[in-house]
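One structure is given here, and the rest of the page talks about it.
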Amino acid sequence: MPAERLQKIIAAAGVASRRKAEELIVSGRVQVNGQVVTELGTKADPEQDHIRVDGKLLQGPERYTYVVLNKPKGYVTTVSDEKKRPTVMDLIQGAKGQKVKGRVYPVGRLDWASEGLLLMTNDGELANALMKASSNVPKTYVVKVAGQPDEAKLDKLRRGVSIAEKGGRRVRTAPAKIRLIREGDNPWLEVTIIEGRNRQVRKMFEEVGHHVEKIRRVQYGPLALDVPPGDWRNLTLLEVAKLKTAAAGSRITKRGSAMNHGVRGS
């Protein structure tokens, strides 16, 4: 980030107004990298320099980071792992000479054996909206299953099936879109769901007697998988705006549905 005048950095962090920040500098109450600064023309980089006001380290204005990663098989979707297995954080921290700026976290999970599109961000509000099981934001997977499910089984999945959640509680899945994309003894299917339950697609196929051999997420709302396995990229401003619209739109849709059925919101 380009260097900026100290008074502007202090004001942007919400410590004081621009004029008050100038007074703080002139009176010797500001340090940059351990050195007292009294010149108003002094510049600093809020991302690189340690700036203290009255001895307190300055926290700059929060900057959100949004990253899309193509997760390969063999990585767990956690920040750290007690079993010392590779995590998705290993892929964004200096992989191939690149490093994500800022501390980001996975939005939802892809299990160890799953592949594909994983969104990572430090925007907690957006992450929470997207991770709700009832978010209504569509997620599309390509899935290879053992054995050929007949049309009756696929129709059952399309309508929704009962699956077990953690603790043994059973829930019914929302209707899903399913189409055959490659025939065979172990066919490939495209599956689109609007929920985000743990291992949902795997559990759905197990309920109709078919084991999922491979699964790759290829789309998350408006985002399509477009980077090689193990690689990542920053989202564009337009993509971030579309994600936020998708999350907000799902809330509006649910509120509208509740009103149509005579349900009052809390």
Within segment 127-137, residues being small (G, A, S) and crowded, with 17+ Cβ neighbours inside 10 Å number 3
I want to confirm something. Restricting to segment 73-92 and keeping residues that are surrounded by fewer than 18 Cβ atoms within 10 Å (Cβ to Cβ) and in contact with a helix residue (DSSP H, G or I) (Cβ under 9 Å, 6 or more places away or on another chain), which single residue is farthest from L223 (Cα to Cα)? S80
Taking segment 13-40 and keeping residues touching a Gly at 6+ places or on another chain (Cβ under 7 Å) and touching a residue at least 40 places away in the same chain (Cβ under 8 Å) leaves A13
Does A164 meet the test of being surrounded by fewer than 17 Cβ atoms within 10 Å (Cβ to Cβ), of a type in the set (A, V, I, L, M) and at pLDDT below 95? yes
Just checking, which of L118, L91, L110 is in a strand (DSSP E or B), touching a residue at least 12 places away in the same chain (Cβ under 8 Å) and aliphatic (A, V, I, L, M)? L118
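What are the residues in segment 44-71 that are in a strand (DSSP E or B) and surrounded by 15 or more Cβ atoms within 10 Å (Cβ to Cβ), if any?
Hits for segment 44-71 are A44, I51, R52, V53, Y66, V67, V68, L69, N70, K71.
Yes/no per residue for (1) among the aliphatic types (A, V, I, L, M); (2) under 16 Å from L235 (Cα atoms); (3) touching a strand residue (DSSP E or B) at 6+ places or on another chain (Cβ under 8 Å); (4) at pLDDT 90 or above:
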| residue | (1), (2), (3), (4) |
| --- | --- |
| V53 | yes, no, yes, yes |
| Q59 | no, no, no, no |
| E62 | no, no, no, no |
| T65 | no, yes, yes, no |
| G74 | no, no, no, yes |
| R85 | no, no, yes, yes |
| L110 | yes, no, yes, yes |
| M120 | yes, yes, yes, yes |
Suppose we keep only residues that are in a loop (DSSP other than H, G, I, E, B) and not polar (S, T, N, Q) within segment 121-146. Which one would you say is farthest from K242 (Cα to Cα)? A146
Select, from L180, L157, L223, the only residue that is crowded, with 18+ Cβ neighbours inside 10 Å, of a type outside the set (F, W, Y) and over 30 Å from V100 (Cα atoms). L157
Out of (1) under 27 Å from the mean Cα position of the chain (by Cα); (2) surrounded by 18 or more Cβ atoms within 10 Å (Cβ to Cβ); (3) assigned to a loop (DSSP other than H, G, I, E, B), the one P149 does not meet is (1)
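Only one residue in K20, K101 is part of a loop (DSSP other than H, G, I, E, B), surrounded by fewer than 14 Cβ atoms within 10 Å (Cβ to Cβ) and on the phi < 0 side of the Ramachandran plot. Which one?
K101
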So how many residues does segment 203-215 have that are surrounded by fewer than 21 Cβ atoms within 10 Å (Cβ to Cβ) and either under 17 Å from L110 (Cβ atoms) or not assigned by TED's automatic domain parsing to the domain that holds R172 (or both)? 3
For T140, work out the one condition from (1) modelled with pLDDT of 90 or more; (2) surrounded by 14 or more Cβ atoms within 10 Å (Cβ to Cβ); (3) over 23 Å from the mean Cα position of the chain (by Cα) it doesn't fulfil. (3)
Residue within segment 164-186 that is in a loop (DSSP other than H, G, I, E, B), touching a strand residue (DSSP E or B) at 6+ places or on another chain (Cβ under 7 Å), charged (D, E, K, R) and under 23 Å from N128 (Cα atoms) present: yes
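The values are calculated or read from the model by the stated rules, or taken from the named source; none is laboratory data. Remember, predicted model here, so these are calculated numbers, not experimental data. Glycine gets a Cβ as well: all are built from the backbone with ideal geometry, and neighbour counts include every protein chain shown.
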